[in-house]
Each structure stands twice: as structure tokens, then as C-alpha cells.
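Below: one structure, written as C-alpha cells.
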Amino acid sequence: QALTKVGARSERDVAAYMVQAMACQRLNQPDKARAALATGKEIAGTKLPKLDGGDLGGYWLDWVTAQALLREAKALIEGKTPSVKDGGK
């Protein structure tokens, strides 16, 4: 249900896509997992504030949660853990 309102809060969209990606991976649905991961990464790269920008906005806690879930999903699906500095790419 979290993804029924995509676009309302980008931080929450990224978090929801990452949870979906990890769930699909564990359910042995790698194509769906990679698709959810790619969508979340795209949103994170284009719509979330950058750490080096100095202002994460009023939803900074959601930003932190989204970044943590992004790192976990990438590690699970791609087998690597990106740093926060590279924006989760």
C-alpha cells in the first residue's frame, strides 16, 4: 500500500521500493527485485536531497531510513554496499 501514493514523499517511496526489492529477492523473484531496486535507486538519485548539499530537509529521518534500506537492498541483490557519499549508486 505504501506504493499506491508514489510521489507524495520521495524518501518514503525509496524506502518502500527497497523493502519490496528485498522481499522479492527472498521470495526468489530476482527480476522483480532488480526492478524495484532500480526504481528506488532512480528516485534516490534524482529526487532525494544530497548529503553534501548541507540540508536534508524536514524529512531527514525518512532520508536516513531510505539510505539505510538502499544500502541493505544493494548488498542483498547486487552483493555490494555503496557508501552514503556516492548517493547510494
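Details
- The chain - percent relative contact order, Cα under 8 Å, separation 6 or more: 32 percent
- Accessible area of Arg71 in the full protein assembly, 1.4 Å probe (Å², nearest 10): 90 Å²
- Solvent exposure, largest accessible area first (probe 1.4 Å, DNA, RNA and ligands not counted), of Leu76, Leu61, Leu70: Leu61, Leu76, Leu70
- Accessible surface area normalised per residue over the chain is 62 Å², counting heavy atoms of protein chains with a 1.4 Å rolling probe.
- Measuring with a 1.4 angstrom probe and ignoring ligands and nucleic acids, Asp55 comes out at about 110 Å² accessible.
- Carbon/sulfur fraction of accessible area - the chain, other protein chains in place, 1.4 Å, %: 52 percent
- Added length on full extension, which subtracts the Cα-Cα distance from 0.36 nm per residue, Ala38 to Leu51: 2.7 nm
- In whole angstrom, the chain maps to an equivalent ellipsoid with semi-axes of 21, 15, 9, each derived as √(5λ) from the alpha carbon gyration tensor and ordered largest first.
The values are calculated or read from the model by the stated rules, or taken from the named source; none is laboratory data. Because the structure is a prediction, the values reported are computed rather than measured. Protein only, heavy atoms only, side chains kept; ligands, DNA and RNA dropped before computing areas. Shrake-Rupley method; radii C 1.70, N 1.55, O 1.52, S 1.80 Å.
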